[in-house]
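The structure appears right after this line, and notes come after that.
Derivation of every value follows stated rules applied to the coordinates shown; laboratory data play no part. The structure displayed is predicted, hence computed values, not measured ones. Positions of Cβ are generated from backbone atoms using ideal geometry, with glycine treated the same way; all protein chains shown enter the neighbour counts.
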Amino acid sequence: MKAYVMPPGCKSVDDLKQVERPNPKAGPGQVVVGVRAASINYRDQAAVTGNYFQKVEKDTIPLSDGAGEVIEVGEGVVGLKVGDKVAGTFSQPDPNGPANGPNMSMGLPLDGMLAEKVLMWEVGAIKLPEGYSYEEGACLPCAGVTAWNCLFGVGKPVKPGDIVLVLGTGGVSIWGLQFSKAAGCRVVATTSRDSKAQRLQALGASDVINYKTHEDWDQEVMRVTSGHGADCVVEVGGAGTLQRSYNALARDGKVGLIGVLTQGVSNPHSLMMKGGNLHGIFVGGRDLFEQMNAAINANGIKPVIDKVFAFDQAKDAFGHAASGDFIGKVVIAI
């Protein structure tokens, strides 16, 4: 089968190489998935450029997110059959081994989804929502589950009438916008480009703040919400934006710390004074994935896909994702 691999010490997308690998074989409790599509997250960019907290120590297939068709089932598999359309979970723990964690993550350190065929545990594959294409299914495992966890998993779940603040236009933020609107929330969004504001409003954002022209965007959030602030912040910026997220928070609100895009120092004083909560989020487990899919089915939510690249254009797809000139997800068809 064909696959892409990151070599040890990978520092650039140019280091990615397409290789031939043996076809995987399903063992007990496992399935082989013929991958039809995969998508790129910021984490994948960091892994390829050597900027992730885990380094590439051996030839590793990138990308945590992908979807395809079950083409082989191993002994003891009862919940899946050949022909089922599935996505892989972000973590692929051995059901007889330790619990979920960073060392179980697809795309690093485990082989990921940028290959024609992938071996998974049955518990690490979930059927796609009704009517989903493979390209749409490939947008779910990391970005979708992370956003769902932030809104409904950690702390108090958001509820109708709450105000949700999403930062930027990447996959997690756009999923956060869509899920929040489906839950009856008001959404305030930030972006660095006025050209994206109209699209964010079309997706349901009530207010869009350009954080380049409004460096004090936290105060803008307070202004447009008449001093209330955000009941939940989908914080993908990291340390460099965390202080402003605290400042923009409503009393008794929550911040879901997801991203590592920026560096900086924050003072938790404003969080304390508001009785707020900070939650660290590392994607989420199978239970959250299943909850999310149920909500997707009930509300007919589809992911926002910016562009789909062919398998042989994988490096171009990484380049497009790195440019920041996209909304939602960048997908590679396989």
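Key figures for this structure:
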item: Among 275-285, 69-79, the order from most to least packed when residues are scored by Cβ within 10 Å on average; result: 275-285, 69-79
item: Debye, to nearest 20: dipole size of the chain, +1 on Lys, Arg Cβ, -1 on Asp, Glu Cβ; result: 440
item: Amide hydrogen neighbours beyond the local backbone of Lys11, cut-off 5 Å, H modeled; result: none
item: Amide H partners (placed H, <5 Å) of Thr89, local residues excluded; result: Ala125, Ile126
item: Using a Förster distance of 56 Å, the FRET efficiency for Asp94-Ser226 (Cβ separation, nearest 0.05); result: 0.65
item: C-alpha center-to-center spacing [the range 146-181, the range 1-66] in angstrom; result: 28
item: Which labelled figure in [x] 24.4, 78; [y] 19.6, 60; [z] 25.4, 89 is Rg and Dmax of the Cα atoms in Å, once derived from the coordinates; result: [y]
item: Flagged links, alpha-carbon separation over 25 Å, of Lys85/Lys181; Lys25/Lys302; Lys11/Lys212; Lys58/Lys127; Lys58/Lys117; Lys58/Lys85; result: Lys85/Lys181; Lys25/Lys302; Lys11/Lys212; Lys58/Lys127; Lys58/Lys85
item: For the range 195-209, 3J(HN,Hα) per residue [Karplus equation, 6.51 cos²θ - 1.76 cosθ + 1.60, θ = phi - 60°, Hz, x = Gly/Pro]; result: 4, 8, 4, 4, 5, 4, 5, 5, 7, x, 5, 6, 9, 10, 10
item: 3J(HN,Hα) from dihedral phi, the range 314-330, Karplus parametrisation 6.51/-1.76/1.60, rounded to Hz, x for glycine, proline; result: 4, 5, 5, 5, 4, x, 5, 5, 6, 5, x, 8, 8, 10, x, 10, 9
item: Share antiparallel - DSSP beta bridges, the chain, percent rounded to 5; result: 50
item: ³J(HN,Hα), Karplus 6.51/-1.76/1.60, whole Hz, each residue of the range 92-97, x for Gly, Pro; result: 10, x, 5, x, 9, x
item: Anisotropy class of the range 144-280 from Cα gyration tensor, a/c 1.5 cut; result: rounded
item: Charge dipole (debye, nearest 20) of the range 144-280; +1 at Cβ of Lys and Arg, -1 at Cβ of Asp and Glu; result: 220
